[in-house]
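This report concerns only the one structure given below.
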Amino acid sequence: MVAYKCARCKQLVEIGTNIRCPYCGHRILFKARGAGTKELKAR
Amino acid sequence: MDLVFSRLDDSVARFTIHGATPAFANALRRSMIGEVPTLAIEDIRIYDNTSVLFDEMLAHRLGLIPIKTDLSQYVPRSECSCGGEGCPHCTVMFTLSVEGPKMVTSGDLISMDENIVPVHNNIPIVKLWENQKVVLEAVAEVNYGKEHAKWQPTLACGYSEYPVITIKDTCDGCGKCVAECPRDVLELTKDTVSIRVVNGESKEKDCSLCRLCETACMDSGIGQDPAINISSDSTKFIFVVESDGSLPVKEIIERALLHIKSRSSDLIEALQEGL
């Protein structure tokens with residue numbers, strides 16, 4: 001499951017049927033960065 | 001074939017080739033752009049990036065930073081004895097670990113080899129605000145411009161045919177062509193139009209072949225045939241080569257010519273084997 005972060009209360013949330021923070025009701029969520037490293041080509 | 005340099009320093013060369021063909025001039029141009037290897041960042045491992053730029057944009061910007069290259073120490077990865085796995089003979093590791101608020105520049109990249117550093121230290125990469133940080137490792141490798149433009153050692157690299165300006169006896173010295181010339185190539189002295197000479201050097205080669213002088217001459221009412229004629233010599237070429245700083249221009253030209261020579265030798269060998 002992809003984790004999202006609420007833009008207002010900074011809580012980690014999971015997206016269900018509604019795009020809305022279950023803690024504060026805010027509708028702007030950011031996709032949280034994964035813990036691992038990311039390898040990519042400089043192109 | 002003759003090569004006459006009018007300017008040669010580490011970053012820019014301007015020279016004329018006499019007795020060449022357009023095919024050879026283009027081969028040299030393409031060889032300088034695509035067949036001279038340089039170092040550029042290729043593989044990036046991002047540990048943390050909380051900046052406003054996506055990882056991909058950050059990686060792309062890092063790849064375009066010109067890096068000083070020493071081709072006596074480093075070889076292209078595809079030709080290295082490591083078989084392309086990456087070793088100290090074909091790759092250089094850089095690290096970048098910066099916290100905001102700060103403008104991250106190429107000077108913040110820390111190289112594992114003190115001789116291999118970015119050409120300029122003030123190339124902006126990303127601007128960090130408070131509590132933002134970037135932590136990454138970047139591996140630069142030697143490769144060719146034909147693979148990707150980031151490995152091109154040249155910036156401006158091109159040629160033009162040598163201009164030939166002919167002023168006929170029918171010229172009435174009205175001076176309209178002199179006034180029209182945007183490059184100040186012509187001059188009018190005692191009702192005679194001639195090619196300007198500055199410090200003992202003719203300005204003929206500065207002509208851009210725009211033919212505005214021909215048009216001005218025709219507009220002066222001289223008739224159907226203009227008194228000044230602009231053409232070009234297809235056996236003489238004016239080259240302008242600018243380096244991005246990764247290699248000196250002289251080395252770029254030398255290596256490009258050696259590449260043409262080695263490709264020609266390969267072709268002769270293949271031909272002899274085939275017969």
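Some observations on this one:
- Shown for the stretch A:10-43: residues covered by the partner protein chains by 30 Å² or more of accessible area relative to the chain by itself (probe radius 1.4 Å), namely A:ARG33, A:THR37, A:LYS38, A:GLU39, A:LEU40, A:LYS41, A:ALA42, A:ARG43.
- Summing Cβ point charges (Lys, Arg +1; Asp, Glu -1) relative to the Cα centre of the stretch B:149-275 gives a dipole of roughly 220 debye.
- Calculated log₁₀ intensity ratio I(q)/I(0) where the Debye formula runs over C-alpha points of chain A, q = 0.24 Å⁻¹: -0.75
- Where the protein assembly as shown is the region considered: accessible area per residue in Å², 1.4 Å probe: 57
- Listed residue (B:VAL12, B:CYS207, B:PRO248) projecting farthest to the positive dipole end of chain B, Cβ model: B:CYS207
- Annotation: Cα Rg of the stretch B:176-275 relative to the compact-globule expectation 2.2 N^0.38 Å equals 1.72.
- Scaling the Cα radius of gyration of the stretch B:6-136 by the globular reference 2.2 N^0.38 Å produces a ratio of 1.32.
- Computed accessible area, B:LYS205, all protein chains, 1.4 angstrom probe, square angstrom: 40
- Angstrom value of the Kirkwood radius, inverse mean 1/r, which spans all Cα pairs in the protein assembly as shown: 24.4
- Largest first, the three principal axis extents of the alpha carbons in chain B are 75, 64, 31 Å in whole numbers.
- Residues in the stretch B:60-89 that, when all protein chains are in place, have 10 Å² or more less accessible area than the chain alone would give (probe 1.4 Å): B:HIS60
- Association of chains B and A removes close to 1300 square angstrom of accessible area from solvent, both sides included, for a probe radius of 1.4 Å.
- For chain B, Cys with no neighbouring Cys Cβ under 4.7 Å: B:CYS157, B:CYS171, B:CYS174, B:CYS181, B:CYS207, B:CYS210, B:CYS217
- Computed magnitude of the charge dipole of chain A (debye, nearest 20; Cβ of K, R +1, Cβ of D, E -1): 220
- Rounded percent of accessible protein surface that carbon and sulfur make up, the protein assembly as shown, 1.4 Å probe: 51
- B:MET103-A:LYS38 pseudo-label distance in nm [points 7 Å out on the Cα-to-Cβ vector]: 2.5
- Net charge dipole, the protein assembly as shown: roughly 1620 debye, given to the nearest 20, about the Cα centre with Cβ charges of +1 for Lys and Arg and -1 for Asp and Glu.
- Qualifying chymotrypsin sites (Phe, Trp or Tyr not before Pro) for the stretch B:45-102 [loop in DSSP, other Cβ within 10 Å: at most 13]: B:PHE54
The values are calculated or read from the model by the stated rules, or taken from the named source; none is laboratory data. Just so we're clear, the structure is a prediction, and the values are computed from it rather than from any experiment. Please note: Cβ atoms are built from the backbone with ideal geometry, for glycine as well, and neighbour counts cover all protein chains shown. Accessible surface is based on the protein model in full, side chains and every heavy atom, while ligands, DNA and RNA are left aside. Shrake-Rupley method; radii C 1.70, N 1.55, O 1.52, S 1.80 Å.
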